[in-house]
Structures are given as structure tokens and as C-alpha cells.
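Read the structure below first, then the notes.
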Amino acid sequence: MKKSTYEKPIISKITTGVPGKFGLSTKQKIIAEIDSIPVAKFVEEFGSPVFVFSEKKIRETYNDAKRAFETRYPKVQFAWSYKTNYLDAVCSIFHDEGAWAEVVSGFEFEKALSLGVNGANILYNGPEKSKQDLMLAIDHNASIHIDHFDELYLLIETTRKMNKKARVAIRINLDAGIYPMWDRFGFNYENGEAWNAINRIMLAENLELIGLHTHIGTYIMTASAYGIAASKLSNLMIATHRKFDYWLKYIDLGGGFASKNTLKGAYMPGSETCPSFDDYAEAISNAIISSEIPHENLPVLFLETGRALIDDAGYLITSVLANKRSTTGRKTLVIDAGVNLLFTSFWYNLGVFPSREVTDFMEDTTIYGPLCMNIDVVREAINFPQIKTGDQLVIERVGAYNVTQWMQFITYRPNVVLIDLEGKTHIIRKKENLETIKKNEFNPKK
């Protein structure tokens, strides 16, 4: 009798409705509609995949943030972070709500101007500003946030040649008690660089120092770090007044507020652990109000938060292309949206949900995109129900960075749709086609 060949057993974890030691399993969340519009209708009208933004959610989140700060501090001004999402329709909503523009390149500066933003309401950040960029900013009376000494010297030279004054602030990096400390951008607080820069600016006849700016990092989960940063900027403001008998007009705490997304490796979901706008506002306002700055000379508080204002308003609707099993028996899905559209999938465990009622049986699953690349993994591990080919899934909280950092790679970038306050849908960026891709190409052989 021939001996049977040994086969390694396959063990797959399947979650059902049977109680475990922690009780009954959580029912699968379903996203069947966005702002009362069925998911299937978006696919029928705009194809799959498709990005969807909710104007209602954008305005609600913005006003929640505004309420948190304005009830705690008397002078608050938000500036929309263009790099987070610079679609015209999205930027226009924030400007309509009263936000200024915060830009980090000549391209973004020109985009803000094209949307009707007054140059005096533009904060110009970033380490790369050409002479032409600086001239543009000076001509439009923007607030130029100086990043390094070479930029400072170029700005002094440029203002002399133009015989014009420039309104400036300095970007400051500092130890806010978090790791890693961002020290790539700006002048350091602790080693005296920032104070040196202030003194040089005050000596320059064509530069008007109006503010101090810091951006301590990204996705900051500790609100108290902003309190430390605000205290240090307040101290610099006091020191400037003592030496020059001059009050600066604003303190800019930048952005970096966490959205409700969940970072990879996090034990608890972001929706449970991320600070609220109230938490950030409490820490920042306490620091400035409690400083030595007299209340009659309190600076305007600028905030450049992007991610926390837009992430929740963005969705990506995608369709299932295939159900597969890996050689280990692991369940895998292939969907029609990959990491070329979802840059944030590299650091978030994005929320992926069915658009219809499904079975309660859940299984550990890997979700792949459609790209012919091994790195195209949208979710490496997610407890997910049985889904059929052709079913639509909804990926939530994708409003930040995905439509600015996306790539035209292997597939065309899809339609982007906005749902307005009346529930009407509008294409705000058309799907690419061969013509749009080739229009900037030149073939010397033809």
C-alpha cells in the first residue's frame, strides 16, 4: 500500500456570530450611500473607481474646528493647506467659509490667485522659493515665511532691486517634547538660530517682520505638544518686543492635527484615540493667553490644518475584480483601485466597507489593487466578509493627500465628484483618457 503524501494543513480564522470570550462579534459596517445617494448610482453614472467628496461634511468639519478655537481665543484665522487637496472646488469651499490660502510653491501660489484669493491673504511657506516666486509674493503683498538664511539673504537682495517692502515671518523648528523632532524646516529655537534670524530681519530696511510660524510635525497625537510650541513662540514674541519695542501681528501653529484614520501599527483605531479640535484648541489657547503677552497685544492665531479638515469628507468607491486564495490559503481580494490612487494606504489602515448587506462570516483578508506591482496592497490584513465579483466597496477618510499625491501609473486617474449642499453631484475633475495623457508628449519620429 502506497503511503499518502503529507500535505500541510491550512488554517483560516473565520469570524461568525457565535459569542467569544469578549461577547458577540461586531456587526459589519455598511456604507450603502453617501449623503443619501446610493453607492451604485455613483458607479452607474461616473464609473468605477470614483472619488466622492461631500461639501456638507467639509463645511461641518471646518465649522467644528472654527468653533473649538474661536470659543477659546479671540483672534483666529484658518488658512487652507493647498498641498493637502488643491482641487479648485475643494479650495473654493474653504475660502467661502473664510479660510485664507497656505501654499508651499509658486504653482500653488498661482492656483490661489486664480481662485480669486487676495495676495494679502496668502501665507507662503516651503523651503524652495525662487527669485521669481519671491517677486510674485512681494508684488501681491503675501506673507512670506522664510525657511533658511539663504532665502533671507535672497529676499533682502530682491526687495532692494524691486525697491519694495516684503511682509515676512520666520518658520521655527523646536523641541515640543515629541519624537521625532522635525528640524528640517526653518530656524531652530533652542540653538538661537531663530533669534538670530529675527535680529537680521529687524535690521533689514525692506523687510517687515509680522509673524512667527512653526509646524511641529504631522499626525500629532499629543495636543500638549502644541502648547509647548505656542509657549516658545510666545516667548520669542515677548523677547522681540523687549528689544525692539515692537509687537508681532501673528503666531502661526501650522498644521499636523490628526484625522480619525488609523495609523499602521496602532493598537486602537484613530476614531478612538485622536485628539479632538477642542483638545488642540485648549492646549494652544492656554499657552498663549497664559504667556506674558498683554491681552491687548495678543497676536492673531493662524492655523494651517489640512488633513483633519478634509479626510472625513472624501470617499473612494471601488469594485471587486476577483476573489482569490494565496498558497497559504489566505483569502485575497483584487479591487480596481490601487496605491497609485491611495498614497495614504502606505501609512494608514484605511477603512474599507461593503456597500450592501453581506454575510456575518468574516475572514482575515488581504486587499490588493489592480496594478502589476507586488507593492499594490490597499489593506494587508483586514477582517472582511465574503464579497462577490462586481460588488462595490467604499473606502472612507481619503480626502487628504490622495488627489494631490496620486500618480498616473498603469491606469487612468478616475472621475472626482462633489456632492453639493442640495444633494446634486458634479464632476470636479474629469477622468483621464489617452488624449489627456498624450497632449504634453512629443514624438520626434512622427
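The values are calculated or read from the model by the stated rules, or taken from the named source; none is laboratory data. Just so you know, these numbers come straight off a predicted model, no measurement behind them. Because the Cβ atoms are built from the backbone with ideal geometry, glycine has one as well, and the counts that use them run over all protein chains shown.
General remarks:
- When the stretch 403-418 is limited to residues that are assigned to a strand (DSSP E or B) and either of a type in the set (Lys, Arg) or touching a His at 6+ places or on another chain (Cβ under 8 Å) (or both), the one that is nearest to Arg330 (Cα to Cα) turns out to be Val417.
- If the condition is being under 16 Å from the mean Cα position of the chain (by Cα) and outside any strand (DSSP E or B), then the stretch 382-402 contributes Arg397, Val398, Gly399, Ala400, Tyr401, Asn402.
- Exclusive hit being modelled with pLDDT of 95 or more and closer than 23 Å to Gly217 by Cβ, set Ile138, Ile172: Ile172
- Cross-chain or 6+ apart pairs with Cβ under 9 Å, the stretch 387-409 first and at positive phi, then in a strand (DSSP E or B): Gly390/Ser319; Gly390/Val320; Gly390/Leu321; Arg397/Gly314; Arg397/Tyr315; Arg397/Tyr348
- Residue in the stretch 180-190 that is at pLDDT 95 or above, more than 23 Å from Trp100 (Cβ to Cβ) and among the polar types (S, T, N, Q) present: yes
- Screening the stretch 259-359 for strands (runs of 3 or more DSSP E) wholly inside it with 1 or more residues that are farther than 20 Å from Ser81 by Cβ, hydrophobic (A, V, I, L, M, F, W, C) and without any contact (Cβ under 8 Å) to a residue 40 or more places away in the chain returns the ranges 331-335.
- Positions within the stretch 419-430 being within 23 Å of the chain's Cα centre (by Cα) and either in a strand (DSSP E or B) or under 24 Å from Pro370 (Cβ atoms) (or both), in sequence order: Ile419, His426, Ile427, Ile428, Arg429, Lys430
- Meets criteria (buried (at least 22 other Cβ atoms within 10 Å of the Cβ), of a type in the set (S, T, N, Q) and in the same structural domain as Ala287 (by TED's automatic domain parsing)) for Asn63: no
- Number of positions in the stretch 243-270 that are more than 30 Å from Asn196 (Cα to Cα) and either in the same structural domain as Ser345 (by TED's automatic domain parsing) or within 16 Å of the chain's Cα centre (by Cα) (or both): 7
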